[in-house]
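Asker: Next up is a structure, given as structure tokens.
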Amino acid sequence: MNVRAAIVGTGYVARVHAFALRELGVPVAAVCGRSTTEALAHELGATPYDDLERLLEAERPDVLHVCTPNAAHSEQTLLALERGCHVVCEKPLAVSSTEAAEMTDAAHRAGLVAACCYHCRGYPLVARMREEVGSGALGEIAAVHGRYACDDLFLMPTGWRYEPAASGPSYVVGDLGTHWVDLAEHVTGLRVAEIFAEFAGEPLEHYAVLLLRFEGGAAGSVVLTAGAAGRKNQLLFECEGSKGGLTWDQEEPNTLLVRDAVGPARIVVKDGGPLARYPAGHAEGYGDAFRNVFAEVYKAIRGEPHGVFPTFADGVRGVGAVEAAVRSARAGRWVAVA
């Protein structure tokens, strides 16, 4: 089955999507956006558009990749679903739980594949961590902690992510925290039940500390900041169990520290596994993670057997966590994740 894609949005993440699709042999027929549309279309050999509805009517793509500011996700996704187009949407899925539920319901009614782009699931060693926890090697999970730190506040001190009208009710929890929370839930199999948050920064937070209560009793904490000088994109994830622990850092994605409660710690390198494309000793990174997630999404679209990939239901979880954190920071109390 030949599948054609289109992309709405022409910023850096649209290019990441496009290059991952190229790796999979999926043609990008058209792109839609504003100032950089012509350049991206020329680069991809695609047709440029400045109106999404016109693109969908003229090109009739099988899949739309939504790579626009958060507040545009819902309208653009619903437009595509109404025309029978599968959707891969960037995170956060929407700017409210109401929007996220509408998107999820529309995809279900239409019988279409709807994926939320949590790319971290595509790293081979993230799959390894999930296997370690699932096998019982760590014992009972007691705590999950870490951080997501970048220096965007210094390099990009203005832009849509700081504007509530485009970003929604949150900056770093929505932009960084949704990745971390999805990773924590994906690896451990535990859901975040409650959040206690503290924010700094206006009009949207550029620094947040979240205390987490997981279903089953595990505790958690995560620091999220866009103001960490020299930190480009450090997603640090640590998991503590009754038999051992794990430490993984997205800035060094090809190594995993496996910590045993009684024996020595081991550094495990990426070496095979279903998500590894290259032999051990050959690095794989950010773009490969997108490619791995999209590979499973497109198998589902073609009706082929496929592995687990993040769906709109997972995106709804992320939006619920954002809303709980925002309410908690305002009220100064624990808030349940809806």
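The values are calculated or read from the model by the stated rules, or taken from the named source; none is laboratory data. These numbers come from a predicted model, not from an experiment. Every residue, glycine as well, gets a Cβ built from its backbone with ideal geometry; the counts of neighbours run over all protein chains shown. What goes into the accessible areas is simple: the full protein's heavy atoms, side chains included, and nothing from ligands, DNA or RNA. Shrake-Rupley method; radii C 1.70, N 1.55, O 1.52, S 1.80 Å.
Asker: Looking at the chain only, what percent of DSSP beta bridges run antiparallel? Nearest 5 please.
Answerer: Roughly 60 percent of the beta bridges in the chain run antiparallel, per DSSP.
Asker: If you roll a 1.4 angstrom probe over the protein chains with everything in place, what fraction of the accessible area of segment 44-169 belongs to carbon and sulfur, to the nearest %?
Answerer: Carbon plus sulfur share of accessible area: 50 percent.
Asker: Which lysines, if any, have their Cα less than 27 Å from the Cα of LYS299, not counting same-chain residues under 8 positions apart?
Answerer: LYS91, LYS270
Asker: Please give me, ordered by residue number, the chymotrypsin sites (Phe, Trp or Tyr not before Pro) of segment 295-338 that lie in loop per DSSP and have at most 16 other Cβ atoms within 10 Å.
Answerer: When the chymotrypsin sites (Phe, Trp or Tyr not before Pro) of segment 295-338 are filtered for loop state and at most 16 Cβ neighbours within 10 Å, TRP334 remain.
Asker: Taking the simple approach of a point 7 Å from Cα along Cα-to-Cβ for both GLU43 and ARG266, what is their distance in nm?
Answerer: 4.1
Asker: Select from LEU210, VAL26, GLY241 the residue farthest towards the positive end of the dipole of the chain; place +1 on Cβ of Lys and Arg, -1 on Cβ of Asp and Glu, and compute about the Cα centre.
Answerer: GLY241
Asker: Okay, next question. Efficiency by 1/(1 + (r/R0)^6): what FRET value for ALA280 and VAL3, r their Cβ-Cβ distance, R0 = 35 Å, to the nearest 0.05?
Answerer: Working from the Cβ atoms, E equals 0.65.
Asker: For the chain, what relative contact order do you get, as a whole percent, if you take Cα pairs closer than 8 Å and at least 6 residues apart?
Answerer: Rounded, it is 20 percent for the chain.
Asker: Quote to one decimal, in nm, the extra length available between ALA143 and HIS306 on full extension: 0.36 nm per residue of separation minus the C-alpha distance between them.
Answerer: Here the segment from ALA143 to HIS306 would lengthen by 55.6 nm.
Asker: With the other protein chains left in place, how much accessible area per residue, in square angstrom, belongs to segment 239-313 at a 1.4 angstrom probe?
Answerer: Per-residue accessible area for segment 239-313 comes out at 49 Å².
Asker: Next up: Near LYS232, which aspartates and glutamates are there with a Cα under 16 Å away, not counting those fewer than 8 places off in the same chain?
Answerer: Answer for LYS232, where 16 Å is the Cα cut-off: ASP151, ASP152, ASP175, ASP249, GLU251, GLU252, listed by chain and number.
Asker: Then there's this: Return the carbon/sulfur percentage of the accessible area of segment 230-338, one whole number, probe 1.4 Å, all protein chains in place.
Answerer: 54
Asker: Compute the accessible area per residue over segment 91-222, keeping the other protein chains in place, probe 1.4 Å, unit Å².
Answerer: For segment 91-222, the per-residue accessible area is 39 Å².
Asker: Give, rounded to the nearest 20 debye, the magnitude of the charge dipole that the chain has about its Cα centre when Lys and Arg contribute +1 at Cβ and Asp and Glu contribute -1 at Cβ.
Answerer: My answer is approximately 480 debye.
Asker: Round to the nearest 0.05 the FRET efficiency obtained for GLU202 and GLU131 when R0 = 35 Å and r is the Cβ-Cβ distance.
Answerer: In this case the efficiency is close to 0.25.
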